[in-house]
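Undergrad: Mind having a look at this structure? Questions to follow.
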Amino acid sequence: MKLRCINLLLALFIFTTAVSQNINTDYVFLYNLKYTRNDSSSDNEQFILLVESKSNKSAFLSSTIYSANSLKKTNPNDYASYGSEFPEIVFQNNNQIDVFEDIKEFKYRYIENEKLNWEIVKEKKKIGKVNAQLAKCNAYGRTWYAWFTAEIPLNYGPYKFKGLPGLIVNMYDSEKKINFTLESYKKKTETYALPRIKDYTLIAKDKYFKNRFKILTADDGVVLFKTSEERKKWFNGVKRRYRGQVLLDVKYPQE
């Protein structure tokens, strides 16, 4: 009977782990992203970094997606109107990085295997109220520069970046198309529900980018065309707009 109870508890634990995962934060950081698209237009968006430092976990997502997820249960109609140009949710659990995205009706997840090889340089400066030092790395198809501060001794940063001896307070790429700046942070205890792994199809990273392009530029039958030439012109425009956006990760071909 005792063995039976142990097996039942073990099965319940495995099931619970498979269907849900939470992050229990002790810190919440707010980053502002200024970006220039490939078509030269520019914009900005805010992002939330949730940190559970004791367990070495973090989640990075657009503040729009963060707010939208809070509306899923309370007001599904309002939830449907929320969107972001950067809809990925990046979950770091110790040394594993999982990236989740809902692409229309498809739910994909890939594991990020690229390692960050930071080069810490001597250059230092004051950013806001903290003293910061510069670091550099080549990752995700770009060259990145990160200002970090040992005054906030947490080795986290925006997007998939971590591993420096202090929090990243400013980060940009060599082309200066992407610029993350830490706006604020606070100690905060919060339980945030992350995407359920069982709901997402695990695929290779290169296949994820190819599928993303196909899905977001596909003919879904909503728009009707009078001629094949009109249809061709429309979808050439759809693909041009897709190529015009800026992506944080450009390591693999997008189509």
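The values are calculated or read from the model by the stated rules, or taken from the named source; none is laboratory data. These figures come from a predicted structure and were not determined experimentally. Ideal geometry is used to build each Cβ from the backbone, glycine not excepted, and the neighbour counts take in all protein chains shown. The accessibility values were calculated without ligands, DNA or RNA, using every heavy atom of the protein model including side chains. Shrake-Rupley method; radii C 1.70, N 1.55, O 1.52, S 1.80 Å.
Undergrad: Tell me which of these residue 46 doesn't satisfy, since it passes every other one: (1) surrounded by 18 or more Cβ atoms within 10 Å (Cβ to Cβ); (2) modelled with pLDDT of 95 or more; (3) under 28 Å from residue 244 (Cα atoms).
TA: With respect to (1) surrounded by 18 or more Cβ atoms within 10 Å (Cβ to Cβ); (2) modelled with pLDDT of 95 or more; (3) under 28 Å from residue 244 (Cα atoms), residue 46 is out only on (1).
Undergrad: Before we move on, is residue 184 closer than 30 Å to residue 30 by Cα, over 19 Å from the mean Cα position of the chain (by Cα) and open to solvent by 50 Å² or more (accessible area, probe 1.4 Å)? Break it down stepwise before answering.
TA: Working: closer than 30 Å to residue 30 by Cα: yes; over 19 Å from the mean Cα position of the chain (by Cα): no; open to solvent by 50 Å² or more (accessible area, probe 1.4 Å): yes.
It is false that residue 184 is closer than 30 Å to residue 30 by Cα, over 19 Å from the mean Cα position of the chain (by Cα) and open to solvent by 50 Å² or more (accessible area, probe 1.4 Å).
Undergrad: Going by the conditions given, is residue 215 open to solvent by less than 30 Å² (accessible area, probe 1.4 Å), touching a Leu at 6+ places or on another chain (Cβ under 8 Å) and of a type outside the set (Gly, Ala, Ser)? If you could, list the steps in order and put the result at the bottom.
TA: Values: open to solvent by less than 30 Å² (accessible area, probe 1.4 Å): yes; touching a Leu at 6+ places or on another chain (Cβ under 8 Å): no; of a type outside the set (Gly, Ala, Ser): yes.
Spelling it out, it is not the case that residue 215 is open to solvent by less than 30 Å² (accessible area, probe 1.4 Å), touching a Leu at 6+ places or on another chain (Cβ under 8 Å) and of a type outside the set (Gly, Ala, Ser).
Undergrad: May I ask you to verify whether residue 194 is within 23 Å of residue 67 (Cβ to Cβ) and without any contact (Cβ under 8 Å) to a residue 24 or more places away in the chain? Break it down stepwise before answering.
TA: Working: within 23 Å of residue 67 (Cβ to Cβ): yes; without any contact (Cβ under 8 Å) to a residue 24 or more places away in the chain: no.
No; evaluated as a whole, the condition is false for this residue.
Undergrad: Here are some conditions: (1) within 17 Å of residue 192 (Cα to Cα); (2) at pLDDT 80 or above; (3) of a type in the set (S, T, N, Q); (4) open to solvent by 80 Å² or more (accessible area, probe 1.4 Å). Residue 67 meets all but one. Which one does it not meet?
TA: For residue 67, the exception is condition (4).
Undergrad: Starting from region 162-176, keep only residues that are more than 21 Å from residue 114 (Cα to Cα), then list their pairs with residues that are open to solvent by 10 Å² or more (accessible area, probe 1.4 Å) and among the small types (Gly, Ala, Ser) whose Cβ atoms are within a distance under 8 Å, requiring at least 6 positions of separation or different chains.
TA: Final answer for the pair search is 169/128.
Results for (1) modelled with pLDDT of 80 or more; (2) surrounded by 10 or more Cβ atoms within 10 Å (Cβ to Cβ); (3) within 26 Å of residue 138 (Cα to Cα); (4) out of contact with any Leu (no Cβ under 8 Å at 6 or more places or on another chain), shown as yes or no for each residue.
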position	(1), (2), (3), (4)
42	yes, yes, yes, yes
74	no, no, no, yes
99	yes, yes, yes, yes
107	yes, yes, no, yes
